[in-house]
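Take a look at the structure set out below.
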Amino acid sequence: MATKLLSPAPRLSSASRPKTLQCLHRPRPIQSPLAPHQQRRCISAYGYEQAKALAFSSYGEPPAVLSLHSHSIAPPHGSLMTLRFLASPINPADINQIQGVYPSKPTFTTALGTAHPIAVAGNEGVAEIIALGDKARGEGFKKDDWVLMKAPGFGTWRTHASATGEQVVKLEEEMREGISVVQAGTVSINPCTAYRMLRDFTELKEGEWFIQNGANSGVGRAAIQLGRRWGYKSVNVIRGREDKAAEGKLKEELRSIGADVVVTDAELQSQGIKDMAKEWTNGGREPIRLALNCVNGKPATAMAKLLASDAHFVTYGAMSKQPLTIPASMLIFKNIHFHGFWVSRWAAQNPEEKKKTVADVLDLTRTGQFKDTPVDEIKWEWETKGEELIAKVKDTLEGYREGKGVFVFGKT
């Protein structure tokens, strides 16, 4: 990052002033005298921070509506602080929010220097405080602190942002120790979702079973590891692959992090699945008492049929975009309880419990008891072009991925 000017500005002629003011207030790249072919940021002598953000002015498919917007952030005062983002993941909810189909809406504003309101995409991430006002200091924040977003809709796909202490949660020094920016930037949604669903809907005892679909997702992998840590056994459903070698490799990968059983959605819906389930559960004497669903459609109904009486079925997503069909017999005769879970609502209602959950997951990570979800690190430097970043977002909409896309910010 370029340093701010410390010496007094030279006296300027009236002819030169418009050009200089343009440099101070617009995020316009200038030519370095040492390397004419390289672009660098134009930093204001008055403390303005230059920022870039992936933003949109209307809902739609990400490749069609996203653009890279440049703007300036004024020096912070009072309760304000300036953040520099370190890592921000690309989650399915982020895509749904851009499409306009997610219940939590982004904040559209003209505060980023546009004539018409725009919203910054992204809901999760970790940032460092690079400057702050006196009131923010009085609230316990300081320069170089790491913070997470307290609520969705803030907009995390950007290099810098202005925020108040009410909008962020500080990661205490002991929580940061031994933790990478990617680990910190991806802890607040997927691991917390898995953690709370395993803990809050029924009290599983050691040796008891849960079943889940979307098992290779971030939530699924977290549930496998947390469940194993707490002594639970798991049946894990994945989508079948045309490439059977890749399918076998994925099954083995999930077993390596603690999955007891891994099956495809086709195997789940096969005629012999009840006999298979009896084999897994000691002849049916070990009940499957909890189901975690992010898919819906027929595979979800097939999963519910394996549950014991009085079990709990928790839905936290709808990746197939199909409805969840519940046979009346499950409600009347098996007394299965169906729930919905949205981690954003839970976090808003339980801020202290959210902080404890994050701290617990980070502690397990630090001690090697919780492994990261495989990630595709997307480097975001000041010179990175908007089309490169948008192409990576588009990739998350298509096919199978080797890992979760995460923007990792370099020299911004």
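Every number here is computed from the coordinates shown, using simple stated rules; none is lab data. Note that the structure is a prediction, hence the values are computed from the model and not measured. So basically every Cβ, Gly included, is an ideal-geometry build from the backbone, and we count neighbours across all protein chains shown.
For the chain, modelled as a GNM whose springs connect Cα atoms under 10 angstrom apart, the maximal fluctuation among 115, 64, 222 occurs at 115.
Hey, fewest Cβ within 10 Å first, where do 235, 181 land in order?
Working: 235 24, 181 20.
Placing the least packed residue first, the sequence is 181, 235.
If only the Cβ of Lys and Arg carry +1 and only the Cβ of Asp and Glu carry -1, the dipole of segment 190-345 around its Cα centre is close to 240 debye. What Kirkwood hydrodynamic radius, in Å, does the chain give when the mean of 1/r is taken over all pairs of distinct Cα atoms and then inverted? This gives a value of 23.3 Å.
Full extension of the chain between residue 137 and residue 151 yields a length gain of 2.9 nm, computed as 0.36 nm times the residue separation minus the alpha carbon distance. For the chain, a Gaussian network of Cα nodes joined below 10 Å ranks 157, 146, 346 by mean-square fluctuation, and the top entry is 346.
For segment 69-138, what's the relative contact order in percent, using C-alpha pairs closer than 8 Å and at least 6 residues apart?
Values: 97 pairs, mean separation 35.9, N = 70.
Relative contact order, segment 69-138: 51 percent.
If you run the Gaussian network model on the chain, springs between alpha carbon atoms under 10 Å, then out of 140, 125, 297 the most flexible one is 140. Computed from phi, the 3J(HN,Hα) profile of segment 144-159 under the Karplus parametrisation 6.51, -1.76, 1.60 (θ = phi - 60°) reads 6, 4, 9, 9, 10, 6, 6, 9, x, x, 5, x, 10, 8, 7, 7 Hz, with x in place of Gly and Pro. Taken over the Cα atoms of segment 190-345, the convex hull encloses 110 Å³ per residue.
Computed from the C-alpha gyration tensor, the three semi-axes of the ellipsoid equivalent to segment 76-225 are 31, 21, 12 Å, from longest to shortest.
I need the trypsin sites (Lys or Arg not before Pro) found in segment 118-212, filtered to DSSP loop residues with at most 15 other beta carbons within 10 Å of theirs. Qualifying residues, ordered by number: 142, 143, 205. For residue 313, the residues whose modelled amide H falls within less than 5 Å of its own, excluding neighbours fewer than 5 places apart on the same chain, are 291, 337, 338, 339. The phi torsions of segment 68-73, fed into the Karplus equation with coefficients 6.51, -1.76 and 1.60 and a -60° offset, translate into couplings of 8, 9, 9, 7, 10, 10 Hz, rounded to whole numbers, with Gly and Pro shown as x. Counted by neighbouring Cβ atoms within 10 Å, the residues 95, 90, 288, 326 run from fewest to most as 326, 95, 288, 90.
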